[in-house]
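Read the figures in this text as sums done on the coordinates, not as results from a lab. From a predicted model like this one, the values you see are computed outputs, not experimental measurements. Here the Cβ positions follow ideal geometry from the backbone for every residue, glycine too, while neighbour counts run over all protein chains shown.
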Amino acid sequence: MTVNKNERNIEALISSHGSLAPKRYKYSEATKITSCTNNKLGEGGYGVVFKGRLNDGRLVAVKFLHDSKAKGEEFVNEVMSIGRTSHVNIIVSLYGFCLEGSKRALIYEYMANGSLDKHIYSENPKQILGWERLYAIAVGIARGLEYLHYCCNTRIVHFDIKPQNILLDHNFCPKIADFGLAKLCHTKESKLSVTGARGTIGFIAPEVHSRAFGVASTK
């Protein structure tokens, strides 16, 4: 009975976003999308990513999240918020998602030039990208974060900005990826309530790691 009620709540939440809601896929459909390429793009603490292809021919990146006990409604609410976010430096093309119990997946557009870390951690990053392109990438990331923090109807704080989570399209335009640790908050809120450290050692903000450095905020 509880399962049916939760499912009804989830469907109602999806319907409330109308045409802006990303498509919901069955888990079997998500695995079928990636079976045609069998190409693993990467793996992190929150899931594994495979290259795939939709029926219409579009290439996608499918992230299969590790089994989660988090509430389905909370997951869908975050997916809907991120899905309606629109900005050139945000991964706007969230084509769909999967939610079947603890099985969850996110289906994004495929980014031809991969993640930023593969370029800047090479032997000679300035020769590969050039200073002008590196500068443009840095500015693009900053503009994307500004949009998330100040221009969305619901503020989105990423909490895990690092080179591995910055993807580059065919023109090397940066787009912010992996919102697994993101926190949603109201536009009137500037200070954030954070339980436990969020992020990756080496990139985590000091005030998120320890309150001794101050209070976490959208700044």
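As a rough footprinting exposure proxy, the listed residues Ile10, Ile201, Ile82 were ranked by other beta carbons within 10 Å of their own, and the order from fewest upward is Ile201, Ile10, Ile82. In order along the range 114-120, phi translates into HN-Hα couplings of x, 8, 4, 4, 5, 9, 7 Hz, rounded to whole numbers, per the Karplus curve 6.51 cos²θ - 1.76 cosθ + 1.60 with θ = phi - 60° and x for Gly and Pro. Sites listed here are GluC sites (Glu not before Pro) in the range 122-181 whose DSSP assignment is loop and whose Cβ has at most 16 other Cβ atoms within 10 Å: Glu123. For the range 2-109, the Kirkwood hydrodynamic radius from C-alpha pairs, put into Stokes-Einstein at 20 °C and a viscosity of 1.002 mPa s, yields a diffusion coefficient of 150 µm² per second. Sorting the segments 165-174, 133-142 by their residues' average number of neighbouring beta-carbon atoms within 10 angstrom, most packed first, yields 165-174, 133-142.
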